[in-house]
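Each remark here refers to the structure printed beneath this line.
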Amino acid sequence: MLRAPAETTVVVPAARARGRVQVPGDKSISHRYALLGALADGETAIEGYSPGADCAATLACLRALGVIIRSTGPAAFRIQGRGLRGLTASAHPLDCANSGTSMRLLAGVLAAHPFQSTLTGDASLSRRPMRRVIEPLTRMGARIVSADGRPPLTIDGGDLEPVTHAPEVPSAQVKSAVLLAGLQTRGRTTVNEPAPTRDHTERALATFGVNVDRDGRAVSVDGGQRLRAQAVRVPGDISSAAFWAALAGGRPGSEVTIENVGLNPSRAGLLDVLRRAGVAVEAALDAETAGEPVGTVRLAYGAPRSFTIAPDEVPGVIDEIPALAALAALMPHGSTMSVRGAGELRVKESDRISSLARGFRALGAHVEEYDDGFTIEARPLTGGPVDSDGDHRLAMAFAIAATGAGSPTKISGAAAVDVSYPGFFHELDRLTGAGGDR
Ligand code: S3P
């Protein structure tokens, strides 16, 4: 039984990482299967569900909305679907905890239900922008009250009109919220994306029997299509795998193989960036499950070199930027990573530009911060202390970089890893042979 990581965790330097690892179920896909299972006709069985707190928040909200969900094993659930627009009002506010995906996708679902719901979250989520979903859902006919565009959201849902929506920022959460609302109307809803984003909602809808039309960057659904319950398996989360990739690519002599990991092309931009950064990457597709490609990725230390992430690549690697910064910090001194066009990082679980810059500087790297990105330059890493700022991906990124520091690093707010990767520190110890008691 794994113990939850302590609020403050010490990471000791480690020469190299070796081994095989299975990462937890994909967070994005888990949320979607739970939501679609709840709206489907019949009983949906999900295996490989993300064990993180974010996806637990989605299940807790669905239970409060009248959905019966049974745990049937480790990471396995059965969800009794209530049919389209079949949820019932919750007696209390719905707590989305740290999870933006829970809040934005549930907003789309609840906008079409004829009762009032309030969506709340923790301090971090309460700072995140919600106008991007409030605006299109209001145009469809929902009434939504917010705290100046931020949570809590109080939604008075009902009969919605279909909409054609062109979001200002590329966001899979916005696209998904609008498509889920559109599915509960009587007409055709279209989202025209400014840049391609992860397409798990489209694939999951198709798996649940819904016709989804895609034409370039436009995605459309006709409302009223019933969802058919499914047995689905969630692939491993490539965004979690990114931390092991950074470790393998950053510590000489390392080799890590990640099994059963999702390789959806809209998420696999990470592999291109890793190759450019000189990491030895071998990826093999093993299967497709519920329309999601799954495979094995072998990552090894190669020939590290400076790399840049172009603005048009950013939506495809938005969640992997902290891990890639850790890779850069571990590279030979003077190597750099630059990213621009990534202003969205400022409205993630933390302000991921300033918190990341502060943390990597504390570890000894040189970081230049811009409005929409940063450049990190590898310098001899001295070790912390660092603060995750309550952000799971920063806690993991700092831990990976800390393996290459000259002395142990104390990470405050380390327990945030439980949002997406409970057991992360245990795996870090196992792969680096560090052992130790946390
Ligand atoms: C997600 C979409 C992305 C991503 C987030 C998960 C999703 O957010 O950063 O971690 O599951 O749809 P945005 O939609 O805000 O870009």
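The values are calculated or read from the model by the stated rules, or taken from the named source; none is laboratory data. Note that the structure is a prediction, hence the values are computed from the model and not measured. Using ideal geometry, Cβ is built from the backbone for each residue, glycine included, and neighbour counts are taken over all protein chains shown. With ligands, DNA and RNA removed, areas are computed over all heavy atoms of the protein, side chains included. Shrake-Rupley method; radii C 1.70, N 1.55, O 1.52, S 1.80 Å.
Of everything in the range 347-387, what is within 16 Å of the ligand (Cβ to nearest atom) and assigned to a helix (DSSP H, G or I)? Give them in sequence order.
The initial filter retains those residues of the range 347-387 that are within 16 Å of the ligand (Cβ to nearest atom), namely 347-353, 355-356, 372-373.
Answer for the range 347-387, where residues must be within 16 Å of the ligand (Cβ to nearest atom) and assigned to a helix (DSSP H, G or I): Val347, Ser355, Leu356.
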- Mind telling me which of the residues Gly295, Gly278 ends up being more than 14 Å from the ligand (Cβ to nearest atom), closer than 30 Å to Val210 by Cα, more than 17 Å from the chain's Cα centre (by Cα) and not charged (D, E, K, R)? Gly295
- Message: Tell me yes or no: at least one residue of the range 338-354 is without any contact (Cβ under 8 Å) to a residue 24 or more places away in the chain and of a type in the set (Gly, Ala, Ser).
- Response: yes
- Reported set for the range 26-47 where residues are open to solvent by 10 Å² or more (accessible area, probe 1.4 Å) and away from the ligand (no atom under 13 Å from the Cβ) is Asp41, Gly42, Glu43, Ala45, Glu47
- Message: List the residue pairs whose Cβ atoms are under 8 Å apart, where the first residue sits in the range 167-178 and is near the ligand (Cβ under 6 Å from one of its atoms), the second is among the aromatic types (Phe, Trp, Tyr) and open to solvent by 10 Å² or more (accessible area, probe 1.4 Å), and the two are 6 or more positions apart or on different chains.
- Response: none
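Return the only residue of Val191, Val221, Val169 being under 23 Å from the mean Cα position of the chain (by Cα) and part of a strand (DSSP E or B). Please lay out each step first, then the result.
Working: Val221 fails: under 23 Å from the mean Cα position of the chain (by Cα); Val169 fails: part of a strand (DSSP E or B).
One residue alone meets the criteria, Val191.
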- Residue within the range 76-91 that is out of contact with any Phe, Trp or Tyr (no Cβ under 9 Å at 6 or more places or on another chain) and over 20 Å from Leu205 (Cα atoms) present: yes
- Does Pro152 count as within 14 Å of the ligand (Cβ to nearest atom), closer than 22 Å to Arg128 by Cα and open to solvent by 20 Å² or more (accessible area, probe 1.4 Å)? no
- Note on the structure: Residues of the range 121-137 being touching a residue at least 24 places away in the same chain (Cβ under 8 Å), open to solvent by 10 Å² or more (accessible area, probe 1.4 Å) and either in contact with a Cys (Cβ under 7 Å, 6 or more places away or on another chain) or acidic (Asp, Glu) (or both), in sequence order, are Gly121, Asp122
- Message: Quick test for you: out of Gly216, Gly223, pick the one residue that is away from the ligand (no atom under 13 Å from the Cβ) and either without any contact (Cβ under 8 Å) to a residue 12 or more places away in the chain or in contact with a Cys (Cβ under 7 Å, 6 or more places away or on another chain) (or both).
- Response: Gly216
- Taking the range 182-203, which residues are within 15 Å of the ligand (Cβ to nearest atom), touching a strand residue (DSSP E or B) at 6+ places or on another chain (Cβ under 8 Å) and not acidic (Asp, Glu)? Val191, His200, Arg203
- If you take the residues of the range 282-336 that are assigned to a loop (DSSP other than H, G, I, E, B) and free of Cβ contacts under 8 Å to residues at least 40 places away in the same chain, which of them is surrounded by the most Cβ atoms within 10 Å (Cβ to Cβ)? Ser306
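Run down Glu202, Glu193, Glu259 and say which single residue is open to solvent by less than 10 Å² (accessible area, probe 1.4 Å) and charged (D, E, K, R). Let's see the steps before the verdict.
Numbers: Glu193 fails: open to solvent by less than 10 Å² (accessible area, probe 1.4 Å); Glu259 fails: open to solvent by less than 10 Å² (accessible area, probe 1.4 Å).
Only one candidate qualifies: Glu202.
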